[in-house]
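Worksheet: one structure, shown below.
The values are calculated or read from the model by the stated rules, or taken from the named source; none is laboratory data. Everything numeric in this text was worked out from a predicted model, so none of it was measured. Glycine gets a Cβ as well: all are built from the backbone with ideal geometry, and neighbour counts include every protein chain shown. SASA here: full protein model, heavy atoms, side chains in, ligands and nucleic acids out. Shrake-Rupley method; radii C 1.70, N 1.55, O 1.52, S 1.80 Å.
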Amino acid sequence: MPVWLREHRWRQTASAVYLSLPVRGLRVTPANIFCTDRYLKVSIPPFLFEAILYAPIDDTNSTAKIGNGIIFFTLYKKEVAMWDSLTLATANKEKLQYLRENAVLKAHEKAKAETEAKRVTKQEHKKYALEATMKLEEAERKRIEDLKEKERQKVTEELELWKKQQDAAEKQKRVQKEGELHQEVEQLKEKKKEKNNKTRIPNEGNSETRIKATKGCRGSYSMFSENLKEEQLPAPRSTATIKINFTSRVFPTALRESRVTEEEEWLRKQAEARRTISDDLAELEDLKEEEKNPDWLKDKGNKMFATGNYLAAVNAYNLAVRLNNKLPLLYLNRAACHLKLRNLHKVIEDSSKALELLTPPVPDNENARVKAYVRRGTAFCQLELYTEGLQDYEAALKIDPKNENIEKDAEKIRQLIQGTTQDS
């Protein structure tokens, strides 16, 4: 049988009702209060307060403050009017039962609507994050395409300029060669004229001599023609070796198409990863292929933790972290193992690292962030650093305000801090 709380005081204005309910010596939380537009209940087993209100109220804007052994309700009326009494005294038992059931039904519908609204909001957040990511990737792709197009135009212009310079140089060489050839032909013509003039000198001999001279002249003309052909032939080209040097690069793309800063950063990270792996090469060589997978090691550590073998779980998480130090769940699970082993400073270190990796704060990582704050806060409290522990518990409550266990632990820490302050 419940113990009814009969003692209460109330006053009203035209727009609000103010109700004071004494609960001295009782621990009251928001979960103990249930309120709809016509029904108000405070359940602190075995104590119970119940009121079927005289008229409807605005349960959304109405408030309840808990403190100093009193629950103070501020109930805003839906219609401005003065009530004859706080509760509906003229109703029979059936009507009261109907009002109770109707209040519970409305509360369930309201909770269902809030859950649906949260689900819709979460989907909208995911959609917004996806759209933002797609826009960033599209902008980055467009920027890269613009850079490539600018480089392509620059190279095309340089190539066209080089072709024009080569054409001008070839034309100049061709004109120079034609001038030299013309000069050589003129010289050969002058030599030919001189030789012809020598053969036309009158000869005092007989006709046979003249005929011989003429034949001799023909012979000299033939020899001159052969010499002319030989002199017109160009000299053979000299041989040479051309050496071509290329810029040494790790990446297959050309230097003009590459982003040097990002490539150097990537090479630096690869070098660090190789150094880390090379330090543990002797140990990694003995492992199976599946044991080199951080996800497999995480699952193995979880199984060890479930069986109570915390040291083996820590070893599995340690190796997984050495293979991939960017997974926040590895640090979070290892913090849980250290908490069982009372390695409190390591709990604080791993929880802080997990919170550092759980960024940005989104609905998908809310549960992991709550666990990290609670484990770090627990370690602070066990080290008697209650102020830091309370800060972590309050941060967890901001993420999950309906978690009663965290609220209870936070209240205990507040009492410890208050007791420590009073003792000092």
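Odds and ends about this structure:
- The residue list Ala16, Ala55, Ala31 contains one member that is small (Gly, Ala, Ser), exposed (fewer than 11 other Cβ atoms within 10 Å of the Cβ) and modelled with pLDDT of 85 or more, which is Ala31.
- Restricting the stretch 94-153 to residues that are surrounded by 11 or more Cβ atoms within 10 Å (Cβ to Cβ) and among the hydroxyl-bearing types (Ser, Thr, Tyr) leaves a set whose member that is nearest to Lys41 (Cα to Cα) is Tyr98.
- Any chance Tyr39 is open to solvent by 20 Å² or more (accessible area, probe 1.4 Å) and hydroxyl-bearing (Ser, Thr, Tyr): no
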